[in-house]
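Q: Just passing along the structure, written as C-alpha cells.
The values are calculated or read from the model by the stated rules, or taken from the named source; none is laboratory data. Everything numeric in this text was worked out from a predicted model, so none of it was measured. Counting neighbours? That spans all protein chains shown, and the Cβs are built from the backbone with ideal geometry, glycine included. Please note that ligands, DNA and RNA were not included when accessible areas were found on the heavy atoms of the full protein model with its side chains. Shrake-Rupley method; radii C 1.70, N 1.55, O 1.52, S 1.80 Å.
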Amino acid sequence: MIPHRPYQAKNIEKKWQNIWEKNNVFETSPNNNKKNYYVLEMFPYPSGKIHMGHVRVYTLGDVLARYKRAKGFNVLHPMGWDAFGMPAENAAFENKVHPAIWTKKNIDNMREQLKAMGLSYDWQLEFSTCDPLYIECQQKIFLDFYKNNLAYRKEAWANWDPIDQTVLSNEQVIDGKGWRSGAKVERRKLPQWFFKITEFADELIDSLDKLDNWSNQVKVMQKNWIGRSEGLKLKFKISDNSVLPKNTDFIEVYTTRPDTIFGASFIAIAPDHPLSKDLANNNKDLQKFIFECNQIGTSEEALEKAEKKGFNTKIQVHHPFVEGEYLPVYIANFVLMSYGTGAIFGVPAHDQRDLDFANKLNLPIKSVVESQNAEDNNISNIAYTGNGKIINSNFLNGMNIIEAKKHIIKIAEEKSIGKKSKQFRLHDWCASRQRYWGCPVPIILCNDCGIVPVPNSQLPVLLPNDVTFDKPGNPLDYHEKWNTIDCPECGRSAKRETQTFDTFVDSSWYALRYPAPKSKDPIDKKQMLQWCPPDQYVGGIEHAILHLLYSRFFNRALKKTNYVDFDEPFKGLFCQGMVCHKTYKGPNGWLEPEEIFFKDNKAFQKSDLQEVEIGRSEKMSKSKKNIVDPMSIIETYGADTARLFMLSDSPPERDLDWSISGVDGCWKYLKKIWSHLHNYSFNNNDEGLLLKAKEQDNSIRREIHLCIQATTENIESFRYNSAVASIRKLSNILLAYKSNTEEAIKEQIILEGWKSFLIMMAPITPHITAELWKLIDKDSSFLDQPWPSVDKNLLKDKKLVIAVQINGKLKNTIEIEQVEANDKELQKNKALALYNIKNAIINNTPKKIIVIPGKVINIVI
RNA sequence: GCCCUCAUGAUGGAAUUGGUAGACAUAACGGACUUAAAAUCCGUGGCCUCUUUUGGCGUGCAGGUUCAAGUCCUGCUGAGGGCACCA
C-alpha cells in the first residue's frame, strides 16, 4: 500500500480558500435560468476578533447558502460591518487611537478570520455602516422620514446612561439598567429624535401572524413588547373644581374593564399626573408624598413588594352612571403616568392592586361580577378576575363580560363622556445619541427657522476627524468649527444637530443595501426587487426585540416613503442558540479552560494543582473566562473540524455546549475519511453499470438513497444535527468496504455512495470534501456538482419487517415481501403462527386483531 | 402574577403525520497492536431478574383518550426565557 499524505487541514484549507477567491466563485451574478435565493446572517460589530458565537451563526448560514447553491439556486450571500458604536470611542479614549482607524483595523482583522472559516461570501458586496456612501444614503432616508412625519424632534424625558453618557431607548433599558454598560439608568429631560414606530403598532402586531417562517418565540416576544390592550377612555366630572389651581373640569381614565364601572369605589392618578403637580404646588405634604413615590419607582427590588400608598386629594368626582354617587380621588404610587392616561378607576372586587389599595385605606368593596363558583364571590384578600355574570350594575345586569363591555362603551360614547380606545406599551423609538462615533443626524438648528433639514446638495454630513476624547460627553458639541454653519434657509449663523443615530438605525435597513452596495440611490429598486426581502435571515435571539422590531418598523416606513414595496424585512427568520462552556472557579476566582487539567472527572489548576470547582455550562463570556478562541481551534484542528462540531450534536436553535472532546471526535472522523479515501482506488464513472445491479447490491444503494432523502429533508428544515447524523450513518456503511472488490458493479455503487457523501458533506466541511473529490473525479468542478437526487424506486426494500404486538407491547416481528405489504390476511396469519404469540393466546382468545398493513399487527387479549 | 419554550441512557441528542424508543455522537469499559503510552482497529453498553433463553419495567410526576402515547388531552412538579404595580 502506498502511504498517503496525512490530513493537514491548514494547508488544504488555505489552498481552497485561495482558489475560491482567485476565481471569484461566490460572486453573485444575474442568472435568468435560476431562481434567486438570498441568505443573510446578522452582520457583526467589528470588535477586533471573531468569537464562537460568530462561528456558529456564520456556519449555519454558510451551510444553507452552499446547499441552496448545490440545489440549483442563484445565491446571494453577503457580509458587512455594523461599524459604528461605543466600543470604538472607548478604545479611542483608552489607547488614543481614532475610532475610524481602530474600526478599520478591526474589520481588516476580522475579515481575515472569517475567510479562514471558508465562508462562501461574495466579498465584492462588502460595506460597512461608517462608509461615507452608507452615511449619505441613510441621511437621505432619514430626511424622507422626517418630511413624511415619521421622525420628529421633541423635548422629552429620556433614559440617561451615566456611564456611556448618552440616552437609551426603552428597548435598551433592561431591569432599569443600560443594555451595554449595566449602569443604573437616570431620567433626564433632553431634546431627542424619535421615530414614529407607534404609527405602525397595530400592523406590527397583526402581521406577525403572517410570518410563517419566523421563530415563534420571537413573535411572542414582539407581541408582548408592543403590548396592545383594548378598552375605554372615560371622563369623570369633578364635583367641585374651585379648590383646583387651574380650571380642570374632569379626570380622564383608561380601563380595559369598563364592564366593572358600577363596582368602582375610587379614582387614582399617577404621582406625576399634571393634576398631582398642580395640587402639590402649595401642599408640602403632597410634595413629600410624590418625592417618596419617585424614590420607590427607581429601585426595582422595592417595586416588586412595594406597599400600596395613597394620598387623599379631598377631590370628588361624579360617578358617570349613578346619579348622586361620588368617588374620592387619590394619588397612588402604583399608577403610572406612562401608560394609558395616568389615571384609573379602582374596582377592588375585580382587580388585585385595587383590592390591596382599598383594604389599606378602608375603601368599599362592591362585587359586580358573579362567578359560578361560590367561593370566588366572597372577596376579602383575593380579587375575582374571571368570567361571570354582571350583577349590581343597573342596565348591565345579567350580561356576560364581553356583552357588558360592548354595551357600556356604546353608552359612554353616546353620552360623549368616553371613547373606545387602544393602548400600547410600545413608545416611539428614541433614536438619537449624544455620541461622536455614529451617523450624524442631518439637521441644522436655526434660531429663526427652527429645525432645518440639510439640503440634499450638502449631503453627506460626515464626522469631523480632528476630535479628542479627553473630555466626557460628546466631542461634536465642543467642535465649534464643525457645528457652526449658515442656515440654508435664512443664511444666518446656526448650529448643526450634534447628535448621531443609534446604531440600530444603521442595522435597520442594511439588508436592502447588499444587492447594490455602491449605488447612489439608498436602495437600488431594480437590484433590490430581484433579491429582497432576504429569504432566510439567521441570527441570535438576543435581537428578538431591538433589531428585529426596528427593522420591521423601518421597512414599513421605507414603504411609505416609496423605497420598497413590501412590508416585512425578512421572509424567514431563524434564531440560533448560544455557545456555552463549563465554568471553572478556583480559590482565586474564575479560570480559563486552558488553565485546567482533568483527572478522575475532577478538575485541577495547572499552576498549583489545587482542585477547581466545575460550574454549570454558561454562555461564553469574558467575565466568567469560559471562552475558547475560534482562531486557536482553526489553527490546531482546521475550519472544517470547527464547522462540523458546530453542527454535529445540538439542534441549531438550542444552546450548544462546547467540549474539546467533541471537537477532537470530529477531527478524528475527518482524518478517518481522509485516509480511507486515499487508500481506496476508484473506478471510472460508469452509471450504466448501476442499472445492472443485483438484488443484494441494491440493498447498499437503498441505504445511499435513504440517506440522501434524510439529509435533504433535515437540511431543508434546519435540523442540521440530524443531517450530520444521517451523513455519518452513510459513511459508516461505506467505510465497511475497506478494500476494492473485483466486482465492477459493486465498485460503481460504492463510488456512487462516496460521491453523494462528498457532495452532501460539502456545505458542512467545504475544504476537505473539495480536496477528496479530486481522488474520485479529477476533471469536474466540485462546486458545480448538483445535489444528489433520490431514486424513489430504490427506497422500498424487497422485504419488510413488521412488528407484532400484544396489547400494544412488542412481542415479536415477522418478515414479509414488499409485494405482500397490503395483504392483511397473510400478515395476520403469519403473526399468529409465531411461537411465542401462539403460546400467549393459547389460554386467551384474542378479542380483536388490528392489522395496519405493512407496519404493525396488534393482538388484543 | 401573566405569556412562551422545554423535560428521553453517564452526556449532547434521534424518533417528520400516534405504530418496533434510544439513530448519530461524546465520555466510559473490555480486547487487539505496542516494552509502554498515544494513535488506530474490533467489541460492550436504558434498568431489573436469570447461567442463557425468556420475562418484567422504562421517555419529569398523576390521571385520561386510543387496539396502540415520548408524541394527543387535563392537572401538577422542575428548568430556561420574555413581560410586569400596563389599569
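Q: Taking strands (runs of 3 or more DSSP E) that fall entirely within segment A:515-634, which contain at least 2 residues that are out of contact with any Ser or Thr (no Cβ under 8 Å at 6 or more places or on another chain)? Show your work before the answer.
A: Working: elements: A:536-540, A:573-576, A:579-586, A:589-591, A:596-599, A:602-605, A:611-619.
Where strands (runs of 3 or more DSSP E) fall fully within segment A:515-634 and carry at least 2 residues being out of contact with any Ser or Thr (no Cβ under 8 Å at 6 or more places or on another chain), they are A:536-540, A:579-586, A:589-591, A:596-599, A:602-605, A:611-619.
Yes/no matrix, rows are residues, columns are (1) open to solvent by less than 30 Å² (accessible area, probe 1.4 Å); (2) in a strand (DSSP E or B); (3) within 16 Å of RNA strand B (Cβ to nearest atom):
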residue: A:Ser421; (1), (2), (3): yes, yes, yes
residue: A:Ile444; (1), (2), (3): yes, yes, no
residue: A:Ser457; (1), (2), (3): no, no, no
residue: A:Pro460; (1), (2), (3): no, no, no
residue: A:Val467; (1), (2), (3): yes, no, no
residue: A:Asp470; (1), (2), (3): no, no, no
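Q: Just wondering, is there one or more residues in segment A:738-747 that are closer than 30 Å to A:Lys10 by Cβ, surrounded by fewer than 20 Cβ atoms within 10 Å (Cβ to Cβ) and at pLDDT 90 or above?
A: No, segment A:738-747 has no match at all.
Q: So, one more: Could you pull out the residue among A:Asn843, A:Asn822, A:Asn839 that is loosely packed, with under 12 Cβ neighbours inside 10 Å, closer than 29 Å to A:Lys796 by Cβ and without any contact (Cβ under 8 Å) to a residue 40 or more places away in the chain?
A: Sole residue among the options that is loosely packed, with under 12 Cβ neighbours inside 10 Å, closer than 29 Å to A:Lys796 by Cβ and without any contact (Cβ under 8 Å) to a residue 40 or more places away in the chain: A:Asn822.
Q: Which pairs do you get when a residue that is closer than 25 Å to A:Glu594 by Cα and basic (Lys, Arg), found in segment A:646-675, comes within reach of a residue that is more than 6 Å from RNA strand B (Cβ to nearest atom) and open to solvent by 30 Å² or more (accessible area, probe 1.4 Å), reach meaning Cβ atoms under 9 angstrom, with the pair 6+ apart or on two chains?
A: From segment A:646-675, the pairs are A:Lys671/A:Pro6.
Q: Considering only segment A:665-684, state which residues are part of a helix (DSSP H, G or I) and either open to solvent by less than 80 Å² (accessible area, probe 1.4 Å) or more than 10 Å from RNA strand B (Cβ to nearest atom) (or both).
A: A:Gly665, A:Cys666, A:Trp667, A:Tyr669, A:Leu670, A:Ile673, A:Trp674, A:Ser675, A:His676, A:Leu677, A:His678, A:Asn679
Q: What is the number of the single condition among (1) among the hydroxyl-bearing types (Ser, Thr, Tyr); (2) over 30 Å from A:Ile19 (Cα atoms); (3) buried (at least 16 other Cβ atoms within 10 Å of the Cβ) that A:Thr813 does not meet?
A: Looking at each condition in turn, A:Thr813 falls short on (3).
Q: Follow-up. Can you pull out the residues in segment A:311-333 that are within 16 Å of RNA strand B (Cβ to nearest atom), open to solvent by 30 Å² or more (accessible area, probe 1.4 Å) and at pLDDT 90 or above?
A: The answer is A:Phe311, and nothing else.
Q: It is to be established whether one or more residues within segment A:520-534 are open to solvent by 30 Å² or more (accessible area, probe 1.4 Å) and of a type in the set (Val, Ile, Thr).
A: no
Q: Output the residues belonging to segment A:820-852 that are away from RNA strand B (no atom under 11 Å from the Cβ) and within 13 Å of A:Val801 (Cα to Cα).
A: Selection gives A:Glu820, A:Ala821, A:Gln827, A:Lys830, A:Ala831.
Q: Go through segment A:136-152 and count every residue that is at negative phi, in contact with a helix residue (DSSP H, G or I) (Cβ under 9 Å, 6 or more places away or on another chain) and open to solvent by 10 Å² or more (accessible area, probe 1.4 Å).
A: Number of matching residues: 4.
Q: Ok, one more. Are any residues in segment A:245-263 under 30 Å from A:Asn377 (Cβ atoms) and either within 10 Å of RNA strand B (Cβ to nearest atom) or not aliphatic (A, V, I, L, M) (or both), and if so, which ones?
A: Answer for segment A:245-263, where residues must be under 30 Å from A:Asn377 (Cβ atoms) and either within 10 Å of RNA strand B (Cβ to nearest atom) or not aliphatic (A, V, I, L, M) (or both): A:Val253, A:Tyr254, A:Thr255, A:Thr256, A:Arg257, A:Pro258, A:Asp259, A:Thr260, A:Phe262, A:Gly263.
Q: Being in contact (Cβ under 8 Å) with a residue 60 or more places away in the chain, under 21 Å from the mean Cα position of the chain (by Cα) and either within 30 Å of A:Gly418 (Cβ to Cβ) or away from RNA strand B (no atom under 12 Å from the Cβ) (or both), is that true of even one residue in segment A:180-196?
A: yes
Q: Identify, from the list A:Lys233, A:Lys288, A:Lys237, the residue that is within 15 Å of RNA strand B (Cβ to nearest atom) and either open to solvent by 10 Å² or more (accessible area, probe 1.4 Å) or part of a loop (DSSP other than H, G, I, E, B) (or both).
A: A:Lys233
Q: Out of (1) open to solvent by less than 80 Å² (accessible area, probe 1.4 Å); (2) over 25 Å from A:Arg180 (Cβ atoms); (3) touching a helix residue (DSSP H, G or I) at 6+ places or on another chain (Cβ under 9 Å); (4) of a type in the set (D, E, K, R), what's the single condition that is false for A:Lys606?
A: The one condition A:Lys606 does not meet is (1).
Q: Filter segment A:805-819 down to residues that are within 14 Å of RNA strand B (Cβ to nearest atom) and either in contact with a Ser or Thr (Cβ under 6 Å, 6 or more places away or on another chain) or in a helix (DSSP H, G or I) (or both), then give me how many there are.
A: The total comes to 1.
Q: Next up: So which pairs qualify, if the first residue must be in segment A:405-429 and small (Gly, Ala, Ser), the second must be open to solvent by 40 Å² or more (accessible area, probe 1.4 Å), the Cβ gap must be under 8 Å, and the two must be at least 6 apart or on different chains?
A: If the second residue must be open to solvent by 40 Å² or more (accessible area, probe 1.4 Å), the pairs left are A:Ala412/A:Lys419; A:Gly418/A:Lys233; A:Gly418/A:Lys235; A:Ser421/A:Glu230; A:Ser421/A:Lys233.
Q: Does A:Lys778 qualify as being more than 21 Å from A:Leu730 (Cβ to Cβ) and more than 15 Å from RNA strand B (Cβ to nearest atom)?
A: yes
Q: Looking at A:Gln124, A:Gln138 in this structure, which one is more than 25 Å from A:Gln576 (Cα to Cα), of a type outside the set (A, V, I, L, M, F, W, C) and under 26 Å from the mean Cα position of the chain (by Cα)?
A: A:Gln138
Q: Further question on the same structure: Go over the candidates A:Glu653, A:Glu613 one by one and state the one that is open to solvent by 70 Å² or more (accessible area, probe 1.4 Å) and more than 15 Å from RNA strand B (Cβ to nearest atom).
A: Step by step, each of A:Glu653, A:Glu613 is checked, and only A:Glu613 is open to solvent by 70 Å² or more (accessible area, probe 1.4 Å) and more than 15 Å from RNA strand B (Cβ to nearest atom).
This table checks each residue for (1) in a helix (DSSP H, G or I); (2) within 12 Å of RNA strand B (Cβ to nearest atom); (3) of a type outside the set (Phe, Trp, Tyr); (4) crowded, with 17+ Cβ neighbours inside 10 Å.
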site: A:Arg643; (1), (2), (3), (4): yes, no, yes, yes
site: A:Leu647; (1), (2), (3), (4): yes, yes, yes, yes
site: A:Val663; (1), (2), (3), (4): yes, yes, yes, yes
site: A:Asp686; (1), (2), (3), (4): no, no, yes, no
site: A:Leu690; (1), (2), (3), (4): yes, no, yes, yes
site: A:Thr712; (1), (2), (3), (4): yes, yes, yes, yes
site: A:Val724; (1), (2), (3), (4): yes, yes, yes, yes
site: A:Lys729; (1), (2), (3), (4): yes, yes, yes, no
site: A:Asn732; (1), (2), (3), (4): yes, yes, yes, no
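Q: Give A:Asp259, A:Asp272 a once-over and let me know the one that is open to solvent by 30 Å² or more (accessible area, probe 1.4 Å) and over 31 Å from the mean Cα position of the chain (by Cα).
A: A:Asp272
Q: Still on this structure, please answer the following. Identify, please: which residue in segment A:153-179 is surrounded by 19 or more Cβ atoms within 10 Å (Cβ to Cβ) and more than 15 Å from RNA strand B (Cβ to nearest atom) and is, among those, farthest from A:Ala88 (Cα to Cα)?
A: Among residues in segment A:153-179 that are surrounded by 19 or more Cβ atoms within 10 Å (Cβ to Cβ) and more than 15 Å from RNA strand B (Cβ to nearest atom), the one farthest from A:Ala88 (Cα to Cα) is A:Ala158.
Q: Sticking with this one: Yes or no: segment A:52-75 includes at least one residue that is open to solvent by less than 20 Å² (accessible area, probe 1.4 Å) and assigned to a loop (DSSP other than H, G, I, E, B).
A: No, every residue in segment A:52-75 fails to be open to solvent by less than 20 Å² (accessible area, probe 1.4 Å) and assigned to a loop (DSSP other than H, G, I, E, B).
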